[in-house]
1. Is it the case that region 103-125 has a residue that's touching a Phe, Trp or Tyr at 6+ places or on another chain (Cβ under 9 Å), over 25 Å from residue 11 (Cβ atoms) and at pLDDT 95 or above?
2. Could you figure out which of (1) within 12 Å of the chain's Cα centre (by Cα); (2) among the hydroxyl-bearing types (Ser, Thr, Tyr); (3) crowded, with 18+ Cβ neighbours inside 10 Å isn't true of residue 70?
3. Exactly one condition in (1) at pLDDT below 95; (2) in contact with a Leu (Cβ under 9 Å, 6 or more places away or on another chain) is false for residue 16; which is it?
4. Which condition number does residue 7 fail, the rest of (1) of a type in the set (D, E, K, R); (2) surrounded by fewer than 18 Cβ atoms within 10 Å (Cβ to Cβ); (3) more than 13 Å from the chain's Cα centre (by Cα) being met?
5. Scan 127, 83, 119, 44 and give me the residue that is surrounded by 14 or more Cβ atoms within 10 Å (Cβ to Cβ), of a type in the set (A, V, I, L, M) and out of contact with any helix residue (DSSP H, G or I) (no Cβ under 6 Å at 6 or more places or on another chain).
6. Grab the helices (runs of 4 or more DSSP H) fully contained in region 1-86, keeping just those with 2 or more residues being touching a residue at least 12 places away in the same chain (Cβ under 8 Å), touching a strand residue (DSSP E or B) at 6+ places or on another chain (Cβ under 7 Å) and closer than 16 Å to residue 116 by Cβ.
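The values are calculated or read from the model by the stated rules, or taken from the named source; none is laboratory data. In this text, all values refer to a predicted model and were calculated from it rather than measured experimentally. FYI the Cβ positions are ideal-geometry reconstructions off the backbone, even for glycines, and counts take in every protein chain you see.
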Amino acid sequence: MAAKLKEYSVIYLIGSVGYSLIEILWRGFTHWSMAITGGLCFVLLHKNNLKHWSSSIWTKCARGAMIITSVEFSVGCVVNLVLKLDVWDYSKLHFNILGQVCPLYSVLWFFLCIPLTFLTPVLHRRLRVRSLLSARR
């Protein structure tokens, strides 16, 4: 149990920092809510990729894009619509839903999931090996 908690904590931290860096590179800035969103997304992607390890990369990426889009929609509804923090607004983009998500970004998430599909099992193995080694000491 402690090993899983440690693994998911590291995955969350990587996702949190990684998502924030992508935001900064893409828009030039980020918001604290994006760090939380990124950590949550990466944990969910990690779990999805491990659970469906035998699925094709395209299936994993499609699931990943749906996961990220769903989390972004949920976070956007709270952060942007309820709390009125105006972190992002996709209302000018085609086929958006409440200005929180749109197909363009879902496609971008699909492509972002390609390297993540390969990264998650590597991280899983490395974190498990370290956990086993430290348990033996």
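1. Looking through region 103-125, at least one residue is touching a Phe, Trp or Tyr at 6+ places or on another chain (Cβ under 9 Å), over 25 Å from residue 11 (Cβ atoms) and at pLDDT 95 or above.
2. (3)
3. Condition not satisfied by residue 16: (1).
4. Unmet condition: (2).
5. From the options 127, 83, 119, 44, the qualifying one is 119.
6. The qualifying helices (runs of 4 or more DSSP H) are 57-76.
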